[in-house]
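Student: Sharing a structure, written as structure tokens. Questions coming.
The values are calculated or read from the model by the stated rules, or taken from the named source; none is laboratory data. Everything numeric in this text was worked out from a predicted model, so none of it was measured. Because the Cβ atoms are built from the backbone with ideal geometry, glycine has one as well, and the counts that use them run over all protein chains shown.
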Amino acid sequence: MSKLLEMRGIVRRFGAVRANDGVDLDVRRGEIVGLLGENGSGKSTLMKVLFGMVEPDEGTIIFRDRELSGHRPGEAMSAGIAMIHQHFMLIEAMTVVENVMLGWSEAGRILKRAETAARVREASRRFGLDLDPDAVVANLPLGRRQRVEILKAALRQAELLILDEPTSNLAPTEVADLLSILRRLRSEGKGIVFITHKLPEALEVCDRVVVLRSGRVTGQAAIRDVTKTQLAQMMVGREVAPPRLRGAQAAGQERLAVARLQGPGLGPLSFEVRGGEILGVAGVDGNGQIELAETLAGLRRPDAGSIALDGRDATKASVAARVAAGLAYMPADRSLTALVRSLSIGENLMLRDSGRPPYARGPFLSPGGLARKARELMREYDIRAPGPQTAAARLSGGNQQKIVIARELDRNPAVLIAHQAAWGLDPGATRFVLERVLALRDAGAAVVYFSSELDEVLDISDRIAVMANGGFAGVTARAEADLNQIGVWMAGRAA
Amino acid sequence: MSDLAPPSPSAPSRLPFAASLRFRSGEGVAIRIAVAAILSLLCAAVLVALSGHSPLAAFAAMALGAVGSPHQFGVALNRATPYLLAGGGVAMCFRAGVINMGAEGQIALGGVGAAAVALVWPSAASALTVFASLFGAAAFGALWAALAAAIHLGRRVHEVLATLLLNFVALLLVQQTLAGPLGQSGAGFLQSPETPPASWLWKAPEFGAHIGFLIAVAAAAALSFVLWRTPFGFALRVAGSSRRAAAYAGFSIPLVTWGVMLLAGALAGLAGGVEVLGVHHRLIEGFSAGFGFKAVTVALLGALEPLAVVPAALFIGLLEAGAQSMQRQIGIPSALVVVIEGLTMLFVLAATVRRA
């Protein structure tokens, strides 16, 4: 196997922080290298350096025996590096073939649509991508969209593919398909960098793993030589305890009751959650989770049906009234909904409580009250930042989510709607989130916990519901959960 | 990974147009704006030199014209006043992500309101007359903004269109009132009779500056307080950053929009009112031509911070007062000031608008 990529001694400083501190990375042809690390460990920075999105302060990059320096993403692409981002760079209103032609010189000055479509079909067959060139991207599930990105890379003769957290949005079957596509690419001699913090996938598909922590390589190994526990330890530098086991608890009285709830892409749906109970909602993304969560939170109006909080009808209540009635909501979309990135940590902590003490005194805001409360919450929820004035945008994903948790749980809610609450977080931060949710449940709140990570739902729930096609395909007690049955329910969706 | 924090699954990526216009804020903005202002003056110097005059002499004449005598300074203050009043309101709208381009019309109607009340008000007590006339100005301005808000929120017409197009209607409305009920017959020009002296704004002797500037500074301070120290101000800052976050926070976007539009309309109306009651003492056709757009300029020049709009409005006011004397003394057309204003606007926008 010949060397494809050699990165040596990469250093990249952001102010006083060394995001990369002398990192080496090698990729050979026909090799899948797993790049592991917690949030903020420097994986993304390293890949941005490679792709020419940020310039390194020190270090060299040799790609296909040529030195890359001072390059831009366009040059990285033409040199044969393809980056497949976590969020896809596709135009949803266009078809697969149109997306492939976008910005591609070989599509011709006058677009060779039929010819490109034929090439798409051919490549799709070769790599097992199963893509229809004329399908509109908006109609494709996330797994297929990712394949369009892979297809683009393959057609552009990329020799090195970088996949950034490629499985975070995929259903289990889609993950399996992706991994087999990666194996095909490997057998064609491509090099692949697979960024992830999901250890089982890394173990399954990678040949070698490189683990980053605080900007340094803290471990690398051929995959046959390591165990999951060793990898996890390399990543966090400590033992990750699994989330606390669910202590049996007699469920209290009904706190959230939903009856025949119906809206676009949703329902009709009826269920109730009792105090001291976590209802885990599993299912492939896009099966009505966002619709249900936002309808419960008051961000969408249902067409029919009712929602009751603690026995009181809240179907028509405003968002503010629901918050006052004890409904907490952690939206999946952290960047635009749950947080205002340009505002400070303190202001984000008061986002939904700005009219109440201690944030307000009478009709005015109280900067002193805000500062005190913010410092208290930052301590209690371990939000790591210089101070309450720091902009939320400057924090890592885990610390951002801690702001949301602190704000929503500090109100001591009766009902919590948590949607992808641990999404994109590293194992340590995930554990923190799950523990806080469990503590809230132990304090007697009713929790609806949406997650497309089945393991998470299994870890935390008292009851498990599986969403498919806007409704619950099935509901089961955690104790009686049968993985095969859950899989069948999840597959209720036409993919 | 922190700086790459990806949008979460199933997050709608569409943003309203208003939210797509983003401005920098925080440290460094003041310096950026100062540099932008200096660069625009340098460009102006080049233009002056090209026209065959000495830039130094031109700027000296301009400076003298602006602050050379108490009277000149008073003229500059009077110039700055309507820009400051209306600009503060525009800044609040932009903060909330509501692109209000309707200050021009709201100012004009504010002038109508002030003149109408001043002309029919029976009382001779000066303070009460002034108060009632200014109230009339604010009410007319707010009414005009309310019309735009109603069209925007009720019929989902984009607010830029609704506010901008109503400007033309407002200007025609001013003509119509001057041709009819409020007009002075036989004046040979579209204007109202002179308002009774009881309605005139108090003027500082010597300076000739009317009290409107103080009103405007007080208004700017009040706006800054509202923006930073009230839940309403917080709501509009959140709404301006992310409509989805505002909805999640429990703020009503229509209520926020109504709030800032009425506020901005009332302030723009007040701007028209002080111009009529403080400078002309009558309503004249075209008395406020271009004021609304200068209000946008000073709002942006002040980085949408109400208190910073004060120096921004002063800058434009001094520039314009100075330009007239530059024209008198050196013969450089005062239109150059319009060029400087345009350049300032471009430089400031380049320095402060963030790339999406």
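Student: May I ask you to say which residue of B:58, B:115, B:86, B:103 is over 14 Å from the mean Cα position of the chain (by Cα), closer than 21 Å to residue B:264 by Cα and surrounded by 24 or more Cβ atoms within 10 Å (Cβ to Cβ)?
Tutor: The conditions single out B:115.
Student: Give segment A:263-317 a look and list any residue that's within 27 Å of residue A:143 (Cα to Cα), of a type in the set (Asp, Glu) and at pLDDT 90 or above, or say none.
Tutor: A:291, A:294
Student: Here's another thing I want to ask about it. List the number of the failed condition for residue A:366; all other conditions in (1) outside the structural domain of residue A:274 (by TED's automatic domain parsing); (2) buried (at least 17 other Cβ atoms within 10 Å of the Cβ); (3) touching a residue at least 40 places away in the same chain (Cβ under 8 Å) hold.
Tutor: In the conditions (1) outside the structural domain of residue A:274 (by TED's automatic domain parsing); (2) buried (at least 17 other Cβ atoms within 10 Å of the Cβ); (3) touching a residue at least 40 places away in the same chain (Cβ under 8 Å), residue A:366 misses (3) alone.
Student: Do you know which of the residues in segment A:324-345 that are assigned to a helix (DSSP H, G or I) and either modelled with pLDDT of 95 or more or surrounded by 24 or more Cβ atoms within 10 Å (Cβ to Cβ) (or both) is farthest from the other protein chains (Cβ to nearest Cβ)?
Tutor: Ranking the candidates gives A:345 first.
Student: Could you list, in sequence order, the residues of segment B:118-138 that are surrounded by 22 or more Cβ atoms within 10 Å (Cβ to Cβ) and either free of Cβ contacts under 8 Å to residues at least 24 places away in the same chain or not β-branched (Val, Ile, Thr) (or both)?
Tutor: Those that are surrounded by 22 or more Cβ atoms within 10 Å (Cβ to Cβ) and either free of Cβ contacts under 8 Å to residues at least 24 places away in the same chain or not β-branched (Val, Ile, Thr) (or both): B:118, B:133, B:134, B:136, B:137, B:138.
Student: Moving on. Tell me, which residue of segment A:170-191 that is crowded, with 24+ Cβ neighbours inside 10 Å and not charged (D, E, K, R) is nearest to the other protein chains (Cβ to nearest Cβ)?
Tutor: To start, the set of residues in segment A:170-191 that are crowded, with 24+ Cβ neighbours inside 10 Å comprises A:171, A:190-191.
Adding the requirement that they be not charged (D, E, K, R) leaves A:171, A:191.
Values: A:171: 12, A:191: 22 Å.
Selected residue: A:171.
Student: Separate question: State the number of residues belonging to segment B:240-256 that are over 22 Å from the mean Cα position of the chain (by Cα) and more than 10 Å from every other protein chain (Cβ to nearest Cβ).
Tutor: 3
Student: Among (1) within 14 Å of another protein chain (Cβ to nearest Cβ); (2) over 30 Å from residue A:426 (Cβ atoms), there is one condition residue A:307 misses while meeting the rest; what is its number?
Tutor: Single failed check for residue A:307: (1).
Student: Say we look at segment A:116-125 and pick out the residues that are more than 17 Å from residue A:136 (Cα to Cα) and touching a helix residue (DSSP H, G or I) at 6+ places or on another chain (Cβ under 9 Å); which of these is surrounded by the fewest Cβ atoms within 10 Å (Cβ to Cβ)?
Tutor: A:123
Student: Report, by residue number, each residue of segment A:315-337 that is out of contact with any helix residue (DSSP H, G or I) (no Cβ under 8 Å at 6 or more places or on another chain) and not charged (D, E, K, R).
Tutor: Within segment A:315-337, A:315, A:317, A:318, A:320, A:321, A:323, A:324, A:325, A:326, A:335 qualify.
Student: Next up: Considering (1) surrounded by fewer than 22 Cβ atoms within 10 Å (Cβ to Cβ); (2) under 27 Å from the mean Cα position of the chain (by Cα); (3) within 8 Å of chain B (Cβ to nearest Cβ), say which one residue A:412 fails and leave the rest.
Tutor: So residue A:412 meets the others, but not (3).
Student: Quick one: residue B:227 ticks every box in (1) over 25 Å from residue A:297 (Cβ atoms); (2) without any contact (Cβ under 8 Å) to a residue 60 or more places away in the chain; (3) within 14 Å of chain A (Cβ to nearest Cβ); (4) not charged (D, E, K, R) bar one, so which box is it?
Tutor: Exception for residue B:227: condition (2).
Student: Being in contact with a Lys or Arg (Cβ under 7 Å, 6 or more places away or on another chain) and assigned to a helix (DSSP H, G or I) is the filter; apply it to segment A:110-146 and report the residue that is farthest from residue A:82 (Cα to Cα). Working first, answer last.
Tutor: Taking segment A:110-146 first, the residues in contact with a Lys or Arg (Cβ under 7 Å, 6 or more places away or on another chain) are A:127-129, A:131, A:133, A:137.
Okay, now just the ones that are also assigned to a helix (DSSP H, G or I), so A:127, A:137.
Values: A:127: 16, A:137: 20 Å.
Ranking the candidates gives A:137 first.
Student: Follow-up question, since we're still on this one. Among the numbered criteria (1) closer than 30 Å to residue B:240 by Cα; (2) modelled with pLDDT of 90 or more, which one does residue B:76 miss?
Tutor: For residue B:76, the failing item is (1).
Student: Mind listing whichever residues of segment A:385-406 are charged (D, E, K, R) and under 17 Å from the mean Cα position of the chain (by Cα)? Talk me through it step by step, then tell me what you get.
Tutor: Step one: of segment A:385-406, the residues charged (D, E, K, R) are A:394, A:402.
Correct list: A:402 only.
Student: Determine whether residue B:302 is of a type in the set (Gly, Ala, Ser) and closer than 30 Å to residue B:194 by Cβ.
Tutor: No.
Student: While we're looking at this one, here's another question. What is the residue count in segment B:61-77 for residues that are surrounded by fewer than 20 Cβ atoms within 10 Å (Cβ to Cβ) and over 25 Å from the mean Cα position of the chain (by Cα)?
Tutor: 3
Student: What number of residues within segment B:139-165 satisfy the criterion of being of a type outside the set (A, V, I, L, M) and either free of Cβ contacts under 8 Å to residues at least 60 places away in the same chain or touching a Pro at 6+ places or on another chain (Cβ under 7 Å) (or both)?
Tutor: Residues in segment B:139-165 being of a type outside the set (A, V, I, L, M) and either free of Cβ contacts under 8 Å to residues at least 60 places away in the same chain or touching a Pro at 6+ places or on another chain (Cβ under 7 Å) (or both): 3 in total.
Student: Here's something else I'd like to know. May I ask you to list the residues in segment A:15-29 that are among the aliphatic types (A, V, I, L, M) and away from every other protein chain (no Cβ under 14 Å)?
Tutor: A:16, A:23, A:25, A:27
Student: Out of segment A:346-374, which residues are among the small types (Gly, Ala, Ser) and more than 7 Å from chain B (Cβ to nearest Cβ)?
Tutor: Once the filter is applied, which keeps residues that are among the small types (Gly, Ala, Ser) and more than 7 Å from chain B (Cβ to nearest Cβ), segment A:346-374 yields A:346, A:362, A:366, A:368, A:369, A:371, A:374.
Student: So which of A:437, A:466, A:475 ends up being outside the structural domain of residue A:175 (by TED's automatic domain parsing), surrounded by fewer than 16 Cβ atoms within 10 Å (Cβ to Cβ) and either more than 30 Å from residue A:41 (Cβ to Cβ) or in contact (Cβ under 8 Å) with a residue 24 or more places away in the chain (or both)?
Tutor: A:475
Each row is one residue, and each column tells you yes or no for (1) touching a residue at least 24 places away in the same chain (Cβ under 8 Å); (2) part of a helix (DSSP H, G or I); (3) closer than 26 Å to residue B:62 by Cβ; (4) away from chain A (no Cβ under 14 Å).
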position: B:223; (1), (2), (3), (4): yes, yes, no, yes
position: B:238; (1), (2), (3), (4): no, yes, no, no
position: B:258; (1), (2), (3), (4): yes, yes, no, yes
position: B:279; (1), (2), (3), (4): yes, yes, yes, yes
position: B:298; (1), (2), (3), (4): yes, yes, yes, yes
position: B:304; (1), (2), (3), (4): yes, no, no, no
position: B:312; (1), (2), (3), (4): yes, yes, yes, yes
position: B:319; (1), (2), (3), (4): yes, yes, yes, yes
position: B:327; (1), (2), (3), (4): no, yes, yes, yes
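Student: Go through (1) farther than 27 Å from residue A:439 by Cβ; (2) away from chain B (no Cβ under 13 Å); (3) buried (at least 23 other Cβ atoms within 10 Å of the Cβ) for residue A:280 and report which single condition fails.
Tutor: Every listed condition holds for residue A:280 apart from (1).
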